[in-house]
Amino acid sequence: MAFEDYKTKDSVVIVYTGDGKGKTSAGLGLLVRALGNRDSVAFIQFVKYWGVSEHIFLRDIKLLFKDQLFVHKGGRGFYKAGDLSEKHISESQHKNAAKNTLRIACETVSSGKYNLVICDEINNAVHDGLLTKTDLQSLISVRAPQTSLCLTGRNFPKSLLKYVDIATNMQKIKHHFDDKYLAKKGIDY
């Protein structure tokens, strides 16, 4: 196959969504690829704040990549998730954390300093009402021309797909959690 008729883009918007496992993992894969290319990356995490394995990894590689990698952990835990929801965090605390994390995401994506900004679990924050679709659309629209943006989490709004270059729906076929097995550290989180 010849590619003479193909064009290139300075940056792209990527979405990993769906009910299957692998959305954060795919975002972290982009982070690894971008850092390997000597790009600057910002990894901004909505929702998760407890000790997940990627936090340890990101803390450790930050020592190696220094200013090339920015990490912000802004979530306050699961929200409107039944028994999995954080009991000691109020709705206003969740919303304030999401708004503050969105502010940081907007600053990083519009700064021109980063080649890639990953907003992990932002789609969940929108779906759960902590942020609005307008917030998400604004984030996409303020990005610097050379900055790619990756948005992960369940329930990406279909109405915003027209602003996206690559969208992948992670579809669950089977997951051991459905058989009442707890998530496995290092695999599921």
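Relative contact order, whole percent, for the stretch 1-80 stands at 30, derived from Cα pairs under 8 Å and 6 or more residues apart.
In the chain, the calculated helix contribution to ellipticity at 222 nm averages -10500 deg cm²/dmol per residue, counting -39,500 (n - 2.57) for every DSSP H run with n ≥ 4.
Only one residue of Ile140, His176, Val109 has its Cα farthest out toward the positive end of the dipole of the chain, where Lys and Arg carry +1 and Asp and Glu -1 on Cβ, and that residue is His176. What accessible surface, in Å², does a 1.4 Å probe find on Ile140, ignoring ligands, DNA and RNA and rounding to the nearest 10? Accessible area, nearest 10 Å²: 10 Å². In the complete set of protein chains, residue-level accessible area for Phe70 is approximately 60 Å², probe 1.4 angstrom. When you restrict to C-alpha pairs under 8 Å that are six or more residues apart and normalise by the size of the chain, the relative contact order lands at 35 percent. When Lys174, Lys7, Lys23 are compared by accessible area at a 1.4 angstrom probe, the order from most to least is Lys7, Lys174, Lys23.
Subtracting the Cα-Cα distance of Lys174 and Arg38 from 0.36 nm times their residue separation leaves 45.3 nm of extension gain. Taking label points 7 Å from Cα along the Cα-to-Cβ direction, Asn96 and Lys62 give a separation of 2.2 nm. Is the chain rounded, prolate or oblate when judged by the Cα gyration tensor, a ≥ b ≥ c being the square roots of its eigenvalues, rounded requiring a/c under 1.5 and prolate requiring a/b larger than b/c? Note, shape of the chain comes out rounded. Among the listed pairs Lys9/Lys185; Lys73/Lys133; Lys133/Lys180; Lys9/Lys162; Lys62/Lys113, those whose Cα-Cα separation exceeds 26 Å are Lys9/Lys185; Lys133/Lys180. Surface calculation, 1.4 Å probe, protein heavy atoms: Arg76 sits at approximately 80 Å² accessible. Between Lys185 and Lys113, the simple spin-label model (points 7 angstrom out along Cα→Cβ) gives 3.3 nm.
The values are calculated or read from the model by the stated rules, or taken from the named source; none is laboratory data. These numbers come from a predicted model, not from an experiment. For neighbour counting, all protein chains shown are included, and Cβ atoms are generated from backbone atoms with ideal geometry for every residue, glycine included. All accessible areas refer to the heavy atoms of the entire protein, side chains included, with ligands and DNA or RNA removed. Shrake-Rupley method; radii C 1.70, N 1.55, O 1.52, S 1.80 Å.
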